[in-house]
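In what follows, a structure is listed as structure tokens, so that the remarks can point back to it.
The values are calculated or read from the model by the stated rules, or taken from the named source; none is laboratory data. Just so you know, these numbers come straight off a predicted model, no measurement behind them. Counting neighbours? That spans all protein chains shown, and the Cβs are built from the backbone with ideal geometry, glycine included. Note: areas computed on protein heavy atoms with side chains; ligands, DNA, RNA excluded. Shrake-Rupley method; radii C 1.70, N 1.55, O 1.52, S 1.80 Å.
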Amino acid sequence: MDRLVEFSTEDGARVVVEGVEDEDGARLVSRGDGPARAARTFEASLEGVRAAAGSALRVFRDGSLRPDSVELEFGVKLTAETGAVIAKGAAEGHLVVRLSWSPEPTGRPEQPERPRRPERADGPHGEGPGADGRS
């Protein structure tokens, strides 16, 4: 059964999340009806997930595919004892990877910009001061 787990951030803020029981079925006992207190800070609990994301990004960016962008998506479950774990989906682990590439140029040269005729000092069509040859 899912229950509330309270994490503290490194700056002292409280983060309450709906957590899950650990795989071994162990339950933390909280005092009263409040949420169970996590053993680690919120940031420390997420550190393993951050490291996993960084490793996955390196695999896809540094390989032979050379995508223009890499997007990773995975679910995270938070437990009071172990912190954050990558959530299990239909398969053993849940990870969605999206790679994208920008289209290559078509190879046709761009049209050069046509030079603009300089405007005359007396106006673009000859009107205005000096149009009749007088100043």
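Could you grab the pairs with beta carbons closer than 8 Å, sequence gap of 6+ or different chains, first residue in region 47-68 and farther than 15 Å from residue 87 by Cα, second one in a helix (DSSP H, G or I) and not basic (Lys, Arg)?
Partner pairs satisfying both residue conditions: 67/60.
Being exposed (fewer than 11 other Cβ atoms within 10 Å of the Cβ) and at pLDDT 85 or above narrows it down to one of 103, 67, so name that one.
Values: 67 fails: exposed (fewer than 11 other Cβ atoms within 10 Å of the Cβ).
Criteria check complete, one pass: 103.
Condition test on residue 116, is it open to solvent by 100 Å² or more (accessible area, probe 1.4 Å) and modelled with pLDDT of 80 or more? Steps first, answer last, please.
On the way: open to solvent by 100 Å² or more (accessible area, probe 1.4 Å): yes; modelled with pLDDT of 80 or more: no.
No: the conditions fail for residue 116.
Only one of (1) of a type in the set (A, V, I, L, M, F, W, C); (2) open to solvent by less than 40 Å² (accessible area, probe 1.4 Å); (3) modelled with pLDDT under 65 fails for residue 44. Which number is that?
Among (1) of a type in the set (A, V, I, L, M, F, W, C); (2) open to solvent by less than 40 Å² (accessible area, probe 1.4 Å); (3) modelled with pLDDT under 65, the lone unmet condition for residue 44 is (3).
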